[in-house]
1. Please go through (1) surrounded by fewer than 17 Cβ atoms within 10 Å (Cβ to Cβ); (2) in contact with a helix residue (DSSP H, G or I) (Cβ under 8 Å, 6 or more places away or on another chain) for residue 88 and return the number of the only condition it doesn't satisfy.
2. With the checklist (1) in contact (Cβ under 8 Å) with a residue 24 or more places away in the chain; (2) within 22 Å of residue 85 (Cβ to Cβ); (3) assigned to a helix (DSSP H, G or I) in hand, flag the one item residue 141 doesn't pass.
3. Could you count how many residues in region 167-209 are more than 25 Å from residue 152 (Cα to Cα) and in a helix (DSSP H, G or I)?
4. Mind checking which residues of region 137-161 are at pLDDT 85 or above and within 15 Å of the chain's Cα centre (by Cα)?
5. Out of curiosity, is residue 121 free of Cβ contacts under 8 Å to residues at least 24 places away in the same chain and in the same structural domain as residue 101 (by TED's automatic domain parsing)?
6. Answer yes or no as to whether residue 158 is in contact (Cβ under 8 Å) with a residue 40 or more places away in the chain and either buried (at least 16 other Cβ atoms within 10 Å of the Cβ) or under 20 Å from residue 31 (Cα atoms) (or both).
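The values are calculated or read from the model by the stated rules, or taken from the named source; none is laboratory data. Everything quoted here is computed from the prediction, not taken from an experiment. Positions of Cβ are backbone-derived with ideal geometry, glycine not excepted, and every protein chain shown enters the neighbour counts.
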């Protein structure tokens with residue numbers, strides 16, 4: 001679906017949620033709208049959508065699911081800051097999301113968000129955000145606090161291993177990057193191969209050094225022409 005049509009659909013979903021007077025649905029619709037705006041590189045729109053929804057009084061004092069949704073909105077704003085090159089803003093917002101998660105303590109499952117919200121998922125988000133902000137050494141430092149076995153879904157584990165490999169790649173540590181790739185495929189093969197970040201990473205490896213049989217095989221599996 002084209003970005004403008006997806007954005008219109010998300011905006012209609014938000015209006016429907018507002019009409020139904022369901023604060024959780026309203027917040028999730030706003031989060032989805034913010035994500036779509038960010039993916040379209042409309043960072044100046046994505047940020048206020050997420051933060052305005054996070055600041056709404058309906059998300060405060062109403063139980064763990066509402067607090068968790070507020071945390072996800074703050075996370076979304078943090079990732080937008082990373083994509084916009086605002087590293088300081090990204091870290092401040094990620095710390096805010098982490099504070100919400102730590103206050104909740106255990107993971108909170110949400111009906112419209114399969115991964116839920118917890119201190120571990122916030123830390124995984126931090127890894128991705130540091131990568132996006134161009135700080136791979138900080139991403140690898142953050143990885144140390146993410147036990148992969150505790151991640152709640154195969155998709156999250158795919159993101160974890162892909163982010164580790166991508167951080168090594170961005171840091172210019174090609175050998176470590178190529179050694180990290182098999183773990184990604186082993187733990188979450190289908191999800192890893194489908195991730196655009198993996199395709200980009202493998203494409204970069206093909207032109208940055210010696211091409212082994214293993215690397216060429218991986219390129220074929222993720223759909224990169226050699």
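1. All conditions pass for residue 88, except number (2).
2. With respect to (1) in contact (Cβ under 8 Å) with a residue 24 or more places away in the chain; (2) within 22 Å of residue 85 (Cβ to Cβ); (3) assigned to a helix (DSSP H, G or I), residue 141 is out only on (1).
3. Our first condition is that a residue be more than 25 Å from residue 152 (Cα to Cα); within region 167-209, this holds for 169-176, 178, 200, 202-209.
Now narrow it down to the ones that are in a helix (DSSP H, G or I): 169-170, 174-176, 178, 200, 202-208.
Total satisfying the criteria: 14.
4. Result: 139, 142, 143, 146, 160, 161.
5. On the way: free of Cβ contacts under 8 Å to residues at least 24 places away in the same chain: no; in the same structural domain as residue 101 (by TED's automatic domain parsing): yes.
No, not satisfied.
6. On the way: in contact (Cβ under 8 Å) with a residue 40 or more places away in the chain: no; either buried (at least 16 other Cβ atoms within 10 Å of the Cβ) or under 20 Å from residue 31 (Cα atoms) (or both): yes.
The answer is no for residue 158.
A quick yes/no check of all residues on (1) at pLDDT 90 or above; (2) under 26 Å from residue 138 (Cα atoms); (3) assigned to a loop (DSSP other than H, G, I, E, B):
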residue: 11; (1), (2), (3): no, no, no
residue: 19; (1), (2), (3): no, no, no
residue: 29; (1), (2), (3): no, no, no
residue: 34; (1), (2), (3): yes, yes, no
residue: 45; (1), (2), (3): yes, no, no
residue: 62; (1), (2), (3): no, no, yes
residue: 65; (1), (2), (3): no, no, no
residue: 82; (1), (2), (3): yes, yes, no
residue: 90; (1), (2), (3): yes, yes, no
